[in-house]
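Novice: Please see the structure below; I have some questions.
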Amino acid sequence: MSDFKNYTLPNGINLHIYPTEKFKTIVYSIFLHQNLKKELAAKTALLPYVLERGSKNWPTTRELVITLENLYGADIITEVLKRGERQIVQFILEIVNPVYVQGNGSLEKKGLEVLKDILTNPVVEGDGFKESYVNREKEILVNQVKGLINDKVTYAMERCIQEMCREEDYGVYRLGRLEDLEHMDSSELYSYYQKFLNTAPMDIFVLGNVDTEQTLSLMEETFNFSRGDMFPLEPTLVYKDVEEPRYVEERLEVNQGKLTLGYRTNTLVKDEDYYPLVMCNGILGAFPHSKLFQNVREKASLAYYASSRLEKDKGIMLIASGIETGNYEKALEIIQQQVESMKSGEISEEEFESTRVGLINSVKVMDDSPYQIISRYLSGIISDRQETQEEIIEQINRVRVEDVVRAADKIQLDTIYFLRNKD
């Protein structure tokens with residue numbers, strides 16, 4: 001796999017170009033980074049959705065849609081991400097490669113003009129964003145935050161994180177707090193946007209069948225707006241010793257209890273034990289052959305589902321299960337037994353090798369999507385551990401059982417969260 005070529009534009013924007021003939025489209029992806037803070041999260045989350053409504057040159061959604069359709073169905077997407085203790089606003093332009101469209105060599109330039117206009121030239125009324133746009137997007141975002149409770153599996157995971165990291169920035173929800181959204185006005189948001197665009201660390205990725213020098217020149221020409229000094233990004237708190245696990249119970253109208261366990265792994269992505277930890281999580285609960293699925297769900301029939309996942313940029317592991325309320329004690333006991341079996345090295349060769357194969361396949365599949373390739377490289381920037389597909393596979397192949405045991409031994413139970421019925 002060829003790698004990204006990295007440049008810094010005159011205004012401090014980091015540019016990453018990945019020339020490849022694998023895809024028929026070109027993807028431009030912009031990431032603006034913010035420290036995840038409860039007082040900033042709602043403002044940061046609302047920004048991309050307001051900006052996406054229209055720009056000065058294309059002031060309505062309809063005009064934007066027609067313009068993009070005329071660019072052979074180009075697409076602009078916005079997203080809000082949470083990676084460790086940073087919140088990231090993403091803007092994506094996906095456009096067909098001009099080589100497949102006769103006589104349209106300026107297609108990229110036109111598409112980028114629209115993207116830049118959305119990012120830097122919003123629709124303004126008085127001293128703020130267009131009020132009707134802000135109000136509508138606030139309403140949508142408020143409904144999205146409130147709607148989290150309708151997906152009880154995701155809700156339980158999020159609540160476990162909030163309780164576990166209640167005194168850390170990671171406990172902040174990626175879309176912010178309801179009260180902040182409801183009280184925000186268009187001028188306050190516009191003022192924040194101007195400062196954010198001027199000082200936020202920014203990465204732009206270009207992936208597709210492009211000429212590197214031409215692309216660099218085009219990006220320098222397009223994203224030439226002046227910016228100030230970037231604010232520093234704070235490191236994510238990962239290492240934490242747990243004195244005593246906390247138990248949190250919440251009662252709602254649910255048919256099925258949701259038992260979620262939050263563990264501190266005390267392992268950074270750039271640590272030597274990171275890939276042993278990835279293997280550990282895989283053996284424990286990331287696949288159908290894993291210990292949690294086999295022992296809690298299949299053999300004991302105690303859970304409708306049981307799995308584990310890593311929040312790698314925060315260094316925490318979450319075990320999620322759906323159980324009958326009456327099975328709480330037994331389910332908790334068997335789940336904890338599976339974690340202890342990792343620490344004592346009770347790992348069969350089949351569990352170990354099936355996990356290795358599963359992880360390597362998931363790494364290979366990532367190269368089938370431009371978004372996944374960009375996401376992996378962005379992760380490398382955030383974690384300060386940049387690796388190619390081949391290097392990741394090599395690291396996975398190096399892991400031995402004793403390495404997994406060493407990584408597992410550092411894992412500590414922090415929080416037990418149980419969402420149960422009201423009866």
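The values are calculated or read from the model by the stated rules, or taken from the named source; none is laboratory data. This structure is a prediction, so every number in the text was calculated from the model and none was measured. Using ideal geometry, Cβ is built from the backbone for each residue, glycine included, and neighbour counts are taken over all protein chains shown.
Novice: Can you find a residue in the range 401-423 that is in contact with a Gly (Cβ under 9 Å, 6 or more places away or on another chain) and closer than 30 Å to Thr78 by Cα? Please lay out each step first, then the result.
Specialist: If we filter the range 401-423 for residues that are in contact with a Gly (Cβ under 9 Å, 6 or more places away or on another chain), which is where we start, we get 401-402, 404-405, 408, 413-421.
Next, only the ones that are closer than 30 Å to Thr78 by Cα stay: none.
No, the range 401-423 has no match at all.
Novice: Going residue by residue through the range 174-183, is there one that turns out to be of a type in the set (D, E, K, R), free of Cβ contacts under 8 Å to residues at least 60 places away in the same chain, assigned by TED's automatic domain parsing to the domain that holds Lys37 and more than 22 Å from Ile416 (Cα to Cα)?
Specialist: Step one: list which residues in the range 174-183 are of a type in the set (D, E, K, R), which gives 174, 177, 179-180, 182.
Going one step further and asking which of them are free of Cβ contacts under 8 Å to residues at least 60 places away in the same chain, we end up with 179, 182.
Checking which are assigned by TED's automatic domain parsing to the domain that holds Lys37 leaves us with 179, 182.
Narrowing further to those that are more than 22 Å from Ile416 (Cα to Cα): 179, 182.
Within the range 174-183, one or more residues are of a type in the set (D, E, K, R), free of Cβ contacts under 8 Å to residues at least 60 places away in the same chain, assigned by TED's automatic domain parsing to the domain that holds Lys37 and more than 22 Å from Ile416 (Cα to Cα).
Novice: What pairs come out if I take residues in the range 258-285 that are farther than 20 Å from Asp241 by Cα and pair them with residues that are among the aromatic types (Phe, Trp, Tyr) and assigned to a helix (DSSP H, G or I) whose C-beta lies under 7 Å away, six or more apart or interchain?
Specialist: So the pair list comes out as Leu259/Tyr328; Ile283/Phe352; Gly285/Phe293.
Novice: Here's something else I'd like to know. State yes or no: is Val278 within 20 Å of Val363 (Cα to Cα), at pLDDT 95 or above and β-branched (Val, Ile, Thr)?
Specialist: On the way: within 20 Å of Val363 (Cα to Cα): yes; at pLDDT 95 or above: yes; β-branched (Val, Ile, Thr): yes.
In short, yes.
Novice: On the given criteria, is Glu250 more than 29 Å from Glu346 (Cα to Cα), assigned by TED's automatic domain parsing to the domain that holds Gln336 and modelled with pLDDT of 95 or more? Spell out how you get there, then give the answer.
Specialist: Details: more than 29 Å from Glu346 (Cα to Cα): yes; assigned by TED's automatic domain parsing to the domain that holds Gln336: yes; modelled with pLDDT of 95 or more: yes.
It is true that Glu250 is more than 29 Å from Glu346 (Cα to Cα), assigned by TED's automatic domain parsing to the domain that holds Gln336 and modelled with pLDDT of 95 or more.
Novice: Any residue at all in the range 306-321 that's touching an Asp or Glu at 6+ places or on another chain (Cβ under 8 Å), in a strand (DSSP E or B) and farther than 24 Å from Glu394 by Cβ?
Specialist: yes
Novice: Scanning the range 252-296 for residues that are of a type in the set (Ser, Thr, Tyr) and not in a loop (DSSP other than H, G, I, E, B), which turns out surrounded by the fewest Cβ atoms within 10 Å (Cβ to Cβ)?
Specialist: Among them, the one singled out is Tyr274.
Novice: Oh, and also: Just to verify a result, which residue in the range 139-178, among those that are closer than 20 Å to Ser321 by Cβ, out of contact with any helix residue (DSSP H, G or I) (no Cβ under 7 Å at 6 or more places or on another chain) and acidic (Asp, Glu), is surrounded by the most Cβ atoms within 10 Å (Cβ to Cβ)?
Specialist: Residues of the range 139-178 closer than 20 Å to Ser321 by Cβ: 148-164.
When the remaining residues are screened for being out of contact with any helix residue (DSSP H, G or I) (no Cβ under 7 Å at 6 or more places or on another chain), the result is 150-153, 156-157, 159-160, 163-164.
Pick out the ones that are also acidic (Asp, Glu) and you get 151, 163.
Values: Asp151: 11, Glu163: 19.
Checked the range 139-178; the qualifying residue surrounded by the most Cβ atoms within 10 Å (Cβ to Cβ) is Glu163.
Novice: While we're here: Just name the residue that is nearest to Leu197 (Cα to Cα) out of those in the range 61-76 that are β-branched (Val, Ile, Thr) and surrounded by 14 or more Cβ atoms within 10 Å (Cβ to Cβ). Please lay out each step first, then the result.
Specialist: Initial filter on the range 61-76 (β-branched (Val, Ile, Thr)): 61, 65-67, 76.
Going one step further and asking which of them are surrounded by 14 or more Cβ atoms within 10 Å (Cβ to Cβ), we end up with 67, 76.
Values: Thr67: 24, Ile76: 18 Å.
Filtering first and then ranking leaves Ile76.
Novice: Right, something else. Evaluate the following for Phe231: is it buried (at least 20 other Cβ atoms within 10 Å of the Cβ), at pLDDT 95 or above and aromatic (Phe, Trp, Tyr)?
Specialist: Working: buried (at least 20 other Cβ atoms within 10 Å of the Cβ): no; at pLDDT 95 or above: yes; aromatic (Phe, Trp, Tyr): yes.
Considered against the rule, which asks whether it is buried (at least 20 other Cβ atoms within 10 Å of the Cβ), at pLDDT 95 or above and aromatic (Phe, Trp, Tyr), Phe231 comes out as no.
Novice: Oh, and also: Counting just the residues of the range 215-251 that are within 23 Å of Lys270 (Cβ to Cβ) and either hydroxyl-bearing (Ser, Thr, Tyr) or assigned to a helix (DSSP H, G or I) (or both), which one comes out farthest from the chain's Cα centre (by Cα)?
Specialist: Only one residue tops the list, namely Tyr239.
Novice: Return the residues of the range 379-423 that are more than 23 Å from the chain's Cα centre (by Cα) and aliphatic (A, V, I, L, M); say none if nothing qualifies.
Specialist: Within the range 379-423, Val399, Val401, Val404, Val405, Ala407, Ala408, Leu413, Ile416, Leu419 meet the criteria.
Residue-by-condition table, conditions (1) of a type in the set (S, T, N, Q); (2) surrounded by 15 or more Cβ atoms within 10 Å (Cβ to Cβ):
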{"residue": "Gly345", "(1), (2)": "no, no"}
{"residue": "Glu351", "(1), (2)": "no, yes"}
{"residue": "Pro370", "(1), (2)": "no, yes"}
{"residue": "Ile393", "(1), (2)": "no, yes"}
{"residue": "Asn397", "(1), (2)": "yes, no"}
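Novice: Is it the case that some residue within the range 98-116 is among the aliphatic types (A, V, I, L, M), outside any helix (DSSP H, G or I) and modelled with pLDDT under 95? Lay out the reasoning, then the answer.
Specialist: Of the range 98-116, the ones among the aliphatic types (A, V, I, L, M) are 99, 101, 107, 112, 114-115.
If we keep only those that are outside any helix (DSSP H, G or I) as well, we get 101.
Imposing the further condition that a residue be modelled with pLDDT under 95 reduces the set to 101.
Yes, the range 98-116 contains a residue that is among the aliphatic types (A, V, I, L, M), outside any helix (DSSP H, G or I) and modelled with pLDDT under 95.
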